[in-house]
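The values are calculated or read from the model by the stated rules, or taken from the named source; none is laboratory data. Since the structure is predicted, the reported quantities are computational estimates derived from the model, not experimental observations. Ideal geometry is used to build each Cβ from the backbone, glycine not excepted, and the neighbour counts take in all protein chains shown. Only protein heavy atoms, including side chains, enter the accessible area calculation; ligands, DNA and RNA are left aside. Shrake-Rupley method; radii C 1.70, N 1.55, O 1.52, S 1.80 Å.
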Amino acid sequence: MFAILAWGSAIGCAAGAAAGGDVLEVGLAVRDITPPVPIWLAGYAARTQPATNVDTPLLVQALALKNATGERFVFVALDNCEVSGEFIGPTLRRLEQRHALARGAVMVVCSHTHSGPVLEGGLLGMYPLEEADRAAVVAYGRTLKAALGEAVEAALGSTRPAMMEHGVGHAAFAVNRRVQAAKTWRFGENPKGPVDREVPVLKILDTNGTVRAVLFGYACHATSIQGADFYTVSGDYIAYARQHLEAVYPGARAVFLTGMGADANPAPRGSLLQAKRHGLELAGAVVSVLQRPMRPVRGPFQFAYAEPELPFQPAPAREQILLESRSDNRYVRSRALRYQRGFERGDPVPSSLRLPVAAVRLGGDLTFLAMGGEVVVDYALEFKRAAGGAPVWTVGYAYEIPCYIPSRRILQEGGYEAESSLMYYGWYGPFRPEVETIVVGQVRTLADAAGGLK
Ligand SMILES: [Zn+2]
């Protein structure tokens with residue numbers, strides 16, 4: 001059932017620690033991936049034309065970790081709504097091969113800004129692109145992949161010893177967005193719904209005490225910008241938080257890892273001004289952690305990765321799918337055509353999808369738990385409960401985003417994250433209820449393989 005399970009050697013790490021192997025090396029690199037305009041932006045089905053303005057630059061940032069024993073791992077923070085496995089997989093495999101990295105050792109984490117360019121694969125069927133628009137998307141995708149590869153290689157090639165410290169703050173602008181209506185759940189603000197408002201912070205210092213980087217996270221859709229500012233390229237609140245942080249820690253890089261908050265929106269939402277305000281609040285939460293004593297975090301890191309199969313409910317009959325391939329509804333048609341192309345290749349109807357999941361543990365001090373997809377908050381809360389207060393940093397939108405990853409609760413309740421969003425991603429469904437048990441079990445197995453949660 002589990003395609004891949006790999007982990008850094010515990011024996012190697014123990015031997016390394018005895019020889020001063022608790023010192024981690026860190027490498028950093030950044031590339032600007034701001035697109036030329038006009039270009040179509042991803043995330044909102046309501047857009048009717050390409051973007052014509054640029055608000056903030058978009059970045060791809062790589063943060064490489066290297067053990068004394070030579071193992072390496074790279075976090076890649078990418079300013080984009082989402083990447084599919086089809087789009088980014090070949091780039092990641094090439095990087096792994098060229099640098100003799102373990103499968104999954106390059107973890108791309110999308111910021112999920114809804115004001116970044118559309119990419120090929122995944123949600124492409126959601127947008128009514130003209131021929132020239134499509135050419136711009138293809139060209140931009142090529143540039144993005146090249147820049148991502150360059151950033152990863154530059155980070156791997158520039159590692160040097162680092163010290164690290166961890167702390168957790170809070171920011172209040174994430175609000176649960178699922179509101180119960182008569183028979184289903186609609187979008188809105190649900191102040192009583194579950195949410196993860198923690199702001200994890202990792203300070204990375206040179207051995208002389210200079211701050212080199214600030215890694216921070218938050219579990220909330222990057223959808224501050226709507227309406228009048230729909231046609232503007234922006235990193236949303238994340239880009240502003242980075243700018244604020246880099247202004248008050250000159251010379252340091254601020255790097256954001258998106259949390260598991262696919263059912264949370266920023267509140268209030270609206271114009272670019274809201275993105276600036278949320279960015280200021282988030283940066284403030286990070287600074288308040290950085291200004292006070294933090295817990296030291298040591299190396300070496302240990303890493304474990306797997307791709308569990310998440311089962312779907314049975315798809316409709318082939319005749320129904322063929323009928324839907326001629327639907328007037330663009331989304332219905334696009335999903336059916338995707339399955340029809342599979343029929344033509346002789347593929348079976350998909351009964352499951354593989355989801356990348358990983359655990360990265362730094363010394364005995366901090367564990368990152370990461371999942372692909374748009375992960376709802378129940379997973380973050382479950383992992384933090386399981387850790388019993390030990391530091392856990394939950395990361396969503398990791399590696400690739402095949403669709404939402406709902407919990408058992410959300411599958412029971414229904415609504416967008418459980419059902420209707422699957423059509424945009426080109427899947428029939430919904431998932432079977434055991435998906436949460438499968439994912440949580442697999443992630444906890446990985447955490448144990450990387451040295452345990454506590
Ligand atoms: Zn989303």
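Any chance you could get the radius of gyration and Dmax over the Cα atoms of the chain, in Å?
Reported Rg and Dmax, both Å: 21.0, 67.
If every alpha-carbon in region 292-425 counts as one equal scatterer, what log10 I(q)/I(0) does Debye give at q = 0.12, 0.15 1/Å?
The calculated log intensity ratios at q = 0.12, 0.15 Å⁻¹ are -0.61, -0.84.
Lysines within cross-link reach of Lys183: Cα-Cα under 29 Å, excluding same-chain residues under 8 positions apart?
Within the straight-line cut-off, Lys183 pairs with Lys192.
If packing is taken as the average number of other Cβ atoms within 10 Å across a peptide's residues, how do 282-291, 217-226 rank, most packed first? Write down the numbers at each step before the final one.
Working: 282-291: 20.8, 217-226: 26.4.
The densest-packed peptide leads the list: 217-226, 282-291.
Run the reach check for Lys66 against aspartates and glutamates, Cα to Cα strictly under 19 Å, same-chain hits fewer than 8 apart removed. What comes back?
Counting by Cα, and skipping residues close in sequence, Lys66 has these aspartates and glutamates nearby: Asp22, Glu25, Glu96, Glu150, Glu153, Glu165, Asp206, Asp365.
Output needed for region 95-169: three equivalent-ellipsoid semi-axes, defined as square roots of 5 times the C-alpha gyration tensor eigenvalues, in descending order, whole Å. Before the final figure, lay out the partial values.
Details: eigenvalues 196, 63, 26 Å².
Whole-Å semi-axes of the equivalent ellipsoid: 31, 18, 11.
Which residue, Phe87, Gly396, Thr69, has the largest displacement toward the positive end of the dipole of the chain when charges sit on each Cβ (Lys, Arg +1; Asp, Glu -1)?
Thr69
Using only Cα atoms, find the angle between the long axis of helix 435-449 and the longest principal axis of the chain, and express it within 0 to 90 degrees, rounded to the nearest 10.
The answer is roughly 20 degrees.
Carbon and sulfur atoms: what percent of the 1.4 Å accessible area of region 343-391 do they account for? Numbers along the way, then the final one.
Values: 760 of 1590 Å².
On region 343-391, the fraction of accessible area on carbon and sulfur atoms equals 48 percent.
In deg cm²/dmol and to the nearest 500, what is the mean residue ellipticity at 222 nm of the chain if only DSSP H runs of at least 4 residues count, each as -39500 (n - 2.57), divided by the residue total? Mind dumping the intermediate values first?
Values: 11 runs with 140 residues, N = 454.
After summing the helix terms and dividing by the residues of the chain, the value is -9500 deg cm²/dmol.
In whole angstrom, how far apart do the alpha carbon centroids of region 358-431 and region 114-161 sit?
23 Å
What are the extents of the Cα atoms of region 149-204 along their three principal axes, listed from largest to smallest and rounded to whole Å?
57, 29, 13
Just to check I understand the Karplus step: with θ = phi - 60° and J = 6.51 cos²θ - 1.76 cosθ + 1.60, what whole-Hz values come out for region 282-297, glycine and proline as x?
Values per residue, Gly and Pro as x: 5, 4, x, 4, 5, 4, 5, 6, 5, 7, 10, x, 10, 8, x, 10 Hz.
Long-range amide H contacts for Gly193: which residues qualify at under 5 Å (H placed 1.01 Å from N, peptide plane, sequence gap of 5 or more or a different chain)?
Under 5 Å from the amide H of Gly193 lie the amide H atoms of Asn176, each far enough along the sequence or on another chain.
How far is helix 131-156 tilted, in degrees, relative to the longest principal axis of the Cα atoms in the chain, given as a value from 0 to 90 rounded to the nearest 10?
Computed tilt is about 20 degrees.
Once you order the gyration tensor axes a ≥ b ≥ c over the Cα atoms, which shape class does region 100-245 get: rounded for a/c under 1.5, otherwise prolate or oblate by comparing a/b with b/c?
On the way: a/c = 2.16, a/b = 1.17, b/c = 1.84.
It comes out oblate by the Cα gyration axes.
Enter the angle in degrees (range 0 to 90, nearest 10) between the Cα long axis of helix 377-387 and the first principal axis of the Cα atoms of the chain, meaning the one along which they spread out most.
Tilt relative to the chain: about 30 degrees.
Sort 318-324, 405-411 by packing, meaning the average of other beta carbons within 10 Å per residue, with the highest value first.
Working: 318-324: 14.1, 405-411: 22.9.
Top to bottom by mean Cβ count within 10 Å: 405-411, 318-324.
How much accessible area per residue does region 309-454 have, in Å², with a 1.4 Å probe? Before the final figure, lay out the partial values.
Details: 5540 Å² over 146 residues.
It amounts to 38 Å² per residue over region 309-454.
Accessible area per residue of region 132-255 at 1.4 Å probe, in Å²?
Details: 4960 Å² over 124 residues.
About 40 Å² of surface per residue is accessible.
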